[in-house]
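The values are calculated or read from the model by the stated rules, or taken from the named source; none is laboratory data. Note that this is a predicted model, so its numbers are computed, not measured. Virtual Cβ from ideal backbone geometry, glycine too; neighbours counted across all protein chains shown.
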Amino acid sequence: MHVIVTGGSSGIGLEVARLYAARGARLTLVARGLSRLEAARRELLAMGHVSDAAIRIAAVDVGSDAGLSVAMAAAEAEFGSCDVLIASAGVVEPGLFETLSGEVFAEQVATNLLGVANAVRAVYPGMKARGSGRVMIVSSGAGLIGLYGYTAYCASKSALSGFAEALAMEAAGSGVGISICFPPDTYTPQFERELAKRPREAQALMGKARPWTAKAVAARIVRAVDRGTPRLYFGFSIAALGRFGSLVKPVLYWWYRRKRS
């Protein structure tokens, strides 16, 4: 089995890779930083479940369609067709909309939305032609509700729902499974950087729930891939937003505005 993980050098992506490594899968890890990818490969090799020959790393920006396409094609040429794609690469830069530069806003859209589309585009036609394969798109709980100071992140992550739903319609009956998940705050290196910039207005709402470990999130993601779960929610509050958002969000927004007044 060949598993490709974007954002595989740390956090949720690396923990997902760790689980597939334990199964003896051939792994391709994609991320921007070569040094972090090399460190991730060393961690996986230290587990003793896979050999160096079964792990590829590709230092490429998922926002670059051409660059990612070349990297994914090379991975499939060496390890065989992609059986499972975990599209988990993402960035977050909190800040009020009027303070975010166009460059910072665009980077989040390019990575979180276009980066997912680019990764899927690289392997989906082959999956469809073979009649098998699984794609798991990693969105965020923030993709289910608008949050103070997260205009770019919420916009990019919420757009993934529409993408996943439309793609699932196109993939119906083809043998290719399309899934999307909505993780909560998760202890990752990026989360630590995000917290330092998170507005207190956002923390008043988001801080009500305890962050999950990347290991726990990854375990549920891999289990959902195994089961073919189309939409995966984490915890009561995110599940409520995902299933009853039209009822839950007005109450949350009322509480938030009342708290600020």
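Restricting to region 171-212, count the residues that are within 30 Å of ARG130 (Cβ to Cβ) and within 21 Å of the chain's Cα centre (by Cα).
9
Conditions tested, residue by residue: (1) in contact (Cβ under 8 Å) with a residue 60 or more places away in the chain; (2) β-branched (Val, Ile, Thr).
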| site | (1), (2) |
| --- | --- |
| GLY143 | no, no |
| ALA159 | no, no |
| CYS181 | no, no |
| LEU195 | no, no |
| ALA216 | no, no |
| ILE238 | yes, yes |
| LEU241 | yes, no |
| VAL251 | no, yes |
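Exactly one condition in (1) surrounded by fewer than 16 Cβ atoms within 10 Å (Cβ to Cβ); (2) under 18 Å from the mean Cα position of the chain (by Cα); (3) modelled with pLDDT of 90 or more; (4) not charged (D, E, K, R) is not met by VAL222; state its number.
All conditions are met except number (1).
Out of all the residues in region 151-170, is one or more modelled with pLDDT of 95 or more and more than 29 Å from VAL248 (Cβ to Cβ)?
In the first step, residues of region 151-170 are kept if they are modelled with pLDDT of 95 or more; the result is 151-170.
From the residues that got through so far, the ones that are more than 29 Å from VAL248 (Cβ to Cβ) too are 170.
Yes, the conditions are met somewhere in region 151-170.
Hey, among MET169, MET127, which residue is out of contact with any His (no Cβ under 9 Å at 6 or more places or on another chain), free of Cβ contacts under 8 Å to residues at least 60 places away in the same chain and surrounded by 23 or more Cβ atoms within 10 Å (Cβ to Cβ)?
Selected residue: MET127, the only one of MET169, MET127 that is out of contact with any His (no Cβ under 9 Å at 6 or more places or on another chain), free of Cβ contacts under 8 Å to residues at least 60 places away in the same chain and surrounded by 23 or more Cβ atoms within 10 Å (Cβ to Cβ).
Does ARG134 qualify as being touching a residue at least 60 places away in the same chain (Cβ under 8 Å) and surrounded by 15 or more Cβ atoms within 10 Å (Cβ to Cβ)? Talk me through it step by step, then tell me what you get.
On the way: touching a residue at least 60 places away in the same chain (Cβ under 8 Å): yes; surrounded by 15 or more Cβ atoms within 10 Å (Cβ to Cβ): yes.
The answer is yes for ARG134.
Looking only at region 43-78, count every residue that is under 18 Å from the mean Cα position of the chain (by Cα) and not small (Gly, Ala, Ser) and tell me the total.
Counting residues in region 43-78 that are under 18 Å from the mean Cα position of the chain (by Cα) and not small (Gly, Ala, Ser) gives 7.
Out of curiosity, is LYS249 in contact with an Asp or Glu (Cβ under 9 Å, 6 or more places away or on another chain), among the basic types (Lys, Arg) and assigned to a helix (DSSP H, G or I)?
No; evaluated as a whole, the condition is false for this residue.
Name the single residue, out of those in region 36-85 being in contact with a helix residue (DSSP H, G or I) (Cβ under 7 Å, 6 or more places away or on another chain), among the small types (Gly, Ala, Ser) and more than 19 Å from ARG134 (Cα to Cα), that is surrounded by the fewest Cβ atoms within 10 Å (Cβ to Cβ).
ALA59
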